[in-house]
Amino acid sequence: MKKYLLNLKSTMLLVACAFSTLTVNAQEGGEAKGKPNVFIDYFWRPAEVSFTWAENLRSCVIEGISATGRVELTDVDSKDALNIERSRRESGETVAGDDMDRMKVMTSEGANFLIQGRISSIATDISKTKEGTYYYTATCAYTLKVINPMDGKLISTKTFKHGDGLTNIVTADTEEEAVAKVCRQAIKAVRTLVEDAFKVQGTILEIAAEKKGEAKEVYISIGSDHGVGDGAFFSACIERQVAGRTSQKEIGELKVKNVEAGDLTLCEVKKGGEEIKKAIDAGQTVVIKSKEKKSFFDKAAGAVNSL
């Protein structure tokens with residue numbers, strides 16, 4: 001009887017692991033299965049970066065990721081099994097993200113992905129104006145990683161720098177205010193990590209409006225259940241076989257006009273209306289994938305920071 005119970009327990013564990021693996025893999029290919037559960041751990045910081053500044057940056061990163069609506073985000077601070085005493089974190093005694101045991105606990109708590117943060121620097125500088133008044137500037141640099149907590153596999157990583165370019169410079173009357181301002185740049189910047197790690201994929205269901213042989217509006221198979229919001233952009237692709245491999249060719253671009261249900265969204269066709277209509281009329285499956293649409297100012301900032 002004891003042996004039977006052990007075998008049963010092992011079988012149930014294998015089934016649970018398999019289910020979790022399917023949940024993770026759903027983000028890597030095929031249509032999205034809803035928002036993934038993502039845990040965000042405490043950030044590692046060097047000794048010269050104060051605990052208060054590190055927590056300020058982490059809070060801004062959390063705000064930015066939550067604002068995308070793309071994931072179900074959980075702060076490990078809210079989980080008793082993962083909470084690390086404030087005194088230990090203030091002293092820098094722990095590097096929570098490197099603990100595989102914590103990853104196992106996160107998996108058992110329902111995490112599909114884990115976000116780790118490593119702060120390289122948060123620094124300030126004081127300058128004097130011609131009029132004799134003083135002001136502060138601040139910069140920060142950090143790296144975010146998205147990891148599969150089941151096996152520690154790296155899904156995506158990005159390094160961010162704020163306050164170091166002409167379009168990103170911040171000034172303030174006090175040192176704390178300068179740090180707060182530069183940290184808030186993370187709110188918008190972390191969208192690129194979310195877009196890279198948690199892409200949403202679906203298909204065009206049907207053409208909703210057409211004119212002169214071009215698709216003008218289409219319905220797609222994803223919606224609020226997947227974090228789709230008004231104004232979001234998608235690329236439209238058709239699949240083709242090249243040397244025995246499946247590749248995707250982009251034929252158009254869509255912009256969300258109205259999210260109508262958890263799995264239904266009306267989009268405006270911004271590019272490729274004729275190609276999209278031809279593909280739909282020919283019975284081809286047109287795959288849509290989320291994409292980030294950068295503004296002129298975003299591109300300018302990127303160009304300046306690359307110099």
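Here residue 101 fits the description: modelled with pLDDT under 95, closer than 22 Å to residue 154 by Cα, assigned to a helix (DSSP H, G or I) and open to solvent by 50 Å² or more (accessible area, probe 1.4 Å). Checked against (1) modelled with pLDDT of 95 or more; (2) open to solvent by less than 10 Å² (accessible area, probe 1.4 Å), residue 194 meets all criteria but (1). Using the structure shown, decide if residue 127 is surrounded by fewer than 18 Cβ atoms within 10 Å (Cβ to Cβ) and either within 29 Å of residue 290 (Cβ to Cβ) or among the aliphatic types (A, V, I, L, M) (or both). No; evaluated as a whole, the condition is false for this residue. Beta carbons closer than 6 Å, at least 6 apart along the sequence or on distinct chains, pair a first residue in the stretch 53-74 that is modelled with pLDDT under 95 with a second that is open to solvent by 50 Å² or more (accessible area, probe 1.4 Å) for 68/191; 71/35; 72/35; 72/37. Under 9 Å by Cβ, and 6 or more places apart or on different chains, what pairs join a residue from the stretch 123-141 that is in contact (Cβ under 8 Å) with a residue 12 or more places away in the chain with one that is of a type in the set (S, T, N, Q) and loosely packed, with under 10 Cβ neighbours inside 10 Å? What qualifies is 135/129. Applying the criterion of at least 1 residues that are crowded, with 16+ Cβ neighbours inside 10 Å and among the small types (Gly, Ala, Ser) to the strands (runs of 3 or more DSSP E) found wholly in the stretch 207-293 leaves 214-220, 233-242, 245-261, 286-291. Applying the criterion of being closer than 23 Å to residue 73 by Cα and not aliphatic (A, V, I, L, M) to the residues of the stretch 162-191, the residue that is least open to solvent (accessible area, probe 1.4 Å) is 183.
The values are calculated or read from the model by the stated rules, or taken from the named source; none is laboratory data. Just so it is clear, the structure is predicted and the values come from calculations on it, not from any experiment. Backbone-built Cβ (ideal geometry, glycine too); neighbour counts: all protein chains shown. Please note that ligands, DNA and RNA were not included when accessible areas were found on the heavy atoms of the full protein model with its side chains. Shrake-Rupley method; radii C 1.70, N 1.55, O 1.52, S 1.80 Å.
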